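**Q** A single structure is presented below for examination.
Every read-out reported here was derived from the displayed coordinates using simple, explicitly stated rules and does not represent laboratory data. All values reported here derive from a predicted model rather than from experimental measurement. Virtual Cβ from ideal backbone geometry, glycine too; neighbours counted across all protein chains shown.
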Amino acid sequence: MLGPVILAASRSDRMRRFVSAAPGTKQVVDRFIAGETVDQVVPIVEDAADKGLEVTLDVVGEDITTPAQAEAARDAYLELIERLSALDLGTRAEMSVKLSMFGQALEGGHELALANVRPVVEAAAAIGTTVTLDAEDHTTLDSMFAIHEELRKDFPQTGCVIQSYLFRTEDDARRLAAAGSRVRIVKGAYKEPASVAYQDKAEIDKAYVRITRILMEGEGYPMIGSHDPRLIAIAQELGRQAGRKLDEYEFQMLYGIRSDEHVRLAAEGHRMRVYTAYGTDWYGYFMRRLAEKPANLLFFGRSILTKG
């Protein structure tokens, strides 16, 4: 299995240097990363809006080692929100944040992450949009859910992410599928031990369907994060069975993957949101995209071999 190997490489400084220096890297990174600056990503948001799509924006970067870096991450999101407001794009774009980027892993990290993310959530609400807290490895989830619960007291539209490969997620989904909640379901992209997570793709997919059913039958707003045509079709059927209208849930896919499908789903009347990452610290995000789909790794390998 290549996935676990690639995920291990995502934490390796040696591999980071090798991948960054490889002559074919930029071609592949540009497929998944929308740019390095706010100026580069704003036209992509505008283009998505013109196509009837919405976006969720992720300023990439997770390896935070100092409180100052966590504050810089907060400020990067505040800059993004200010630009969206000036261009009247707030209703077309929300934000996705990883709490590790806000200092969650540092000493006193739970309180630090909450203090740093709160002004981002507040600023997003002020321009008519919201923030979704991304799920990371299983050791961070109790803190993430607690911060999510705290933020929802003042900003009930704040969303969170759950991962179908974790054994705990069906219980989390039942708890979260309440009125007013916004929950994104994904398969999961971190290297997790067999003690906490399914290791077999078929079992992960079965859990994904069970969890999607829980969310569709609940009172919240499900966000279906998948590129798998079979799981998308199942989600549509589960939504129909639950009596949901097309605007009572949404699909989410990554920037650069199955772009034609983005437009097709929007044309059918579905809400379709494109997860759009940008920033200079792209390595960890990029490696997880390679781990999720072997075809991406082959594309990267060919690019390296044919450049330089």
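**Q** Would you mind computing Rg(Cα) / (2.2 N^0.38 Å) for region 212-275, counting N as its residues?
**A** Dividing the Cα Rg of region 212-275 by 2.2 N^0.38 Å gives 1.03.
**Q** Figure the gain on full extension for Glu71 and Ala146 (residue separation times 0.36 nm, minus the Cα-Cα span) and round it to one decimal in nm.
**A** Separation in residues times 0.36 nm, less the Cα-Cα distance, equals 24.9 nm.
**Q** Going from the alpha-carbon gyration tensor of region 85-187, what semi-axes, largest first and in whole Å, does one get by taking the root of 5 times each eigenvalue?
**A** Square roots of five times the eigenvalues give 22, 17, 12 Å.
**Q** Another question, if that's okay. For Cα pairs less than 8 Å apart in space and 6+ apart in sequence, what is the mean separation divided by the residue count of region 176-279, i.e. the relative contact order in percent?
**A** After rounding, I find 25 percent.
**Q** In whole angstrom, note down how far apart the Cα centers of region 61-96 and region 192-256 are.
**A** Between the Cα centre of region 61-96 and that of region 192-256, the gap is 28 Å.
**Q** Right, another one. In region 185-274, which GluC sites (Glu not before Pro) fall in coil by DSSP and have 11 or fewer other Cβ atoms within 10 Å?
**A** Answer in residue order: Glu219, Glu268.
**Q** Averaging over every viewing direction, what projected area does the convex hull of the Cα atoms of region 32-83 cover, in nm²?
**A** The Cα convex hull of region 32-83, projected and averaged over all directions, gives 4.0 nm².
**Q** Taking the mean number of other Cβ atoms within 10 Å as a proxy for protection, how do you rank 85-94, 271-280 from highest to lowest?
**A** Descending packing order for the listed peptides: 271-280, 85-94.
**Q** Another question, then. Tally Lys/Arg at +1 and Asp/Glu at -1 over every other residue whose Cβ is under 12 Å from the Cβ of Tyr77; what's the total?
**A** -3
**Q** Moving on. By how many nm would the segment from Ala194 to Lys206 lengthen if fully extended, with 0.36 nm per residue of separation less the alpha-carbon distance?
**A** Value of the extension gain: 2.7 nm.
**Q** Follow-up. Given q = 0.22, 0.27, 0.28 Å⁻¹, what are the Debye log10 I(q)/I(0) values for region 188-236, with equal point scatterers placed on the Cα positions and solvent ignored?
**A** Values returned for q = 0.22, 0.27, 0.28 Å⁻¹ are -0.87, -1.10, -1.14.
**Q** Further, regarding this structure: Tell me, what does the Kirkwood hydrodynamic radius of region 149-259 come to in angstroms if you use every pair of distinct C-alpha atoms?
**A** 14.3
**Q** Here's another thing I want to ask about it. Counting Lys and Arg as +1 and Asp and Glu as -1, what is the net charge of the other residues whose Cβ lies under 10 Å from the Cβ of Val196?
**A** Local charge sum for Val196: -1.
**Q** Going through region 96-163, which trypsin sites (Lys or Arg not before Pro) have at most 10 other Cβ atoms within 10 Å and a DSSP loop state?
**A** Lys153
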